[in-house]
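As structure tokens, the structure follows; a few thoughts come after it.
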Amino acid sequence: TFCCSPEVSGLRWKAMPAERMLDDVLGLKERWGFDVLRFYDANYGVAEKRVRAFAEGLVARGERLWQYAYMQSPSVCRFDDATVEAMAASGMYTVLLGGETGTDETMATVKKTTRGDENLEAAQRLAAVGMRTQLTYIVGFPGESEASMMATIDQVRRVHVACELAIPEVWPFRPIPGTPLFAEAVAQGYEPPCTLLE
């Protein structure tokens, strides 16, 4: 309800098969000589089988690429240990998780499936195989209580203390036009910019 991804994707998810992705990526690597690959797809971890096949495929082909991907904490929490280990072996070095908030109530409001301490659990699973985790949290959602914001800050503190490879960040809510929470922010008195300079 707060970001533009649903508007852009229409909540559809289509994926290239892992074998084709391996062929394409390694063909591009051979042509251009890069060694870092960033996946700008907030749903990279949706299909564990595909994530694992890509990682194991890189290893089987004798390749290692430094990889950075966007995933969701529940995805990481449900992955088999072998999948997480394959990700690390293939070069995955950082996973960005949308931590969003520290309460189940606010998480339900923003329509994310993360619950409880799944953000902490995901960060610890990735750290156990040497991967860093960036977690992005937001405070100040329209109508969010002070208690919810403090719970978010508390979760950020707990993740930071428990997992030295985690990099949690807290951002203020920023209304994005076209999202449900933008309309709610305007209804609650937010005055959006009307010019480029504003």
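The values are calculated or read from the model by the stated rules, or taken from the named source; none is laboratory data. For clarity, every value in this text was computed on a predicted model and none was experimentally measured. Here the Cβ positions follow ideal geometry from the backbone for every residue, glycine too, while neighbour counts run over all protein chains shown. Quick note on the areas: whole protein, heavy atoms, side chains included, nothing else; ligands and nucleic acids left out. Shrake-Rupley method; radii C 1.70, N 1.55, O 1.52, S 1.80 Å.
Filter the range 89-139 down to the residues that are under 13 Å from residue 159 (Cα atoms) and aliphatic (A, V, I, L, M) and list them by number.
97, 120, 122, 123, 126, 127, 135
Kindly indicate which of 39, 34, 2 is of a type in the set (Phe, Trp, Tyr) and touching a residue at least 40 places away in the same chain (Cβ under 8 Å). I'd like the intermediate steps shown before the answer.
Numbers: 39 fails: touching a residue at least 40 places away in the same chain (Cβ under 8 Å); 34 fails: touching a residue at least 40 places away in the same chain (Cβ under 8 Å).
Criteria check complete, one pass: 2.
Run residue 163 past the list (1) of a type in the set (A, V, I, L, M, F, W, C); (2) open to solvent by 60 Å² or more (accessible area, probe 1.4 Å); (3) closer than 15 Å to residue 99 by Cα and report the number of the one that doesn't hold.
(2)
Do you know which residues across the range 153-182 are in a helix (DSSP H, G or I) and either touching a Lys or Arg at 6+ places or on another chain (Cβ under 9 Å) or at pLDDT below 90 (or both)?
Step one: list which residues in the range 153-182 are in a helix (DSSP H, G or I), which gives 153-162, 180-182.
Scanning the range 153-182 gives a single hit, 180.
Keeping to the range 122-154, report how many residues are exposed (fewer than 15 other Cβ atoms within 10 Å of the Cβ) and among the acidic types (Asp, Glu).
2
Could you list all residues from the range 36-47 that are buried (at least 16 other Cβ atoms within 10 Å of the Cβ) and either outside any loop (DSSP other than H, G, I, E, B) or hydroxyl-bearing (Ser, Thr, Tyr) (or both)?
If the condition is that a residue be buried (at least 16 other Cβ atoms within 10 Å of the Cβ) and either outside any loop (DSSP other than H, G, I, E, B) or hydroxyl-bearing (Ser, Thr, Tyr) (or both), then 37, 39, 44 are the ones that fit.
Quick check: anything in the range 76-86 in a strand (DSSP E or B), in contact (Cβ under 8 Å) with a residue 12 or more places away in the chain and open to solvent by less than 10 Å² (accessible area, probe 1.4 Å)? So that I can check it myself, show each step before the final result.
Initially, the range 76-86 is screened for residues in a strand (DSSP E or B), giving none.
The answer is no, given that none of the residues of the range 76-86 is in a strand (DSSP E or B), in contact (Cβ under 8 Å) with a residue 12 or more places away in the chain and open to solvent by less than 10 Å² (accessible area, probe 1.4 Å).
Quickly run through the range 7-31 and pick out the residues that are in contact (Cβ under 8 Å) with a residue 24 or more places away in the chain and not in a loop (DSSP other than H, G, I, E, B). Working first, answer last.
Within the range 7-31, the first condition is being in contact (Cβ under 8 Å) with a residue 24 or more places away in the chain, and the residues that meet it are 7, 13, 15, 17-19, 21-22, 25-26, 29.
Residues satisfying the conditions are 7, 18, 19, 21, 22, 25, 26, 29.
Each row is one residue, and each column tells you yes or no for (1) surrounded by 12 or more Cβ atoms within 10 Å (Cβ to Cβ); (2) in contact with a Leu (Cβ under 6 Å, 6 or more places away or on another chain); (3) farther than 30 Å from residue 183 by Cβ; (4) not hydroxyl-bearing (Ser, Thr, Tyr).
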position	(1), (2), (3), (4)
6	yes, no, no, yes
12	no, no, no, yes
21	yes, no, yes, yes
51	yes, no, yes, yes
62	no, no, yes, yes
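Can you tell me which of (1) part of a loop (DSSP other than H, G, I, E, B); (2) over 18 Å from residue 185 (Cα atoms); (3) among the charged types (D, E, K, R) is the one residue 125 doesn't meet?
So the condition that residue 125 fails would be (1).
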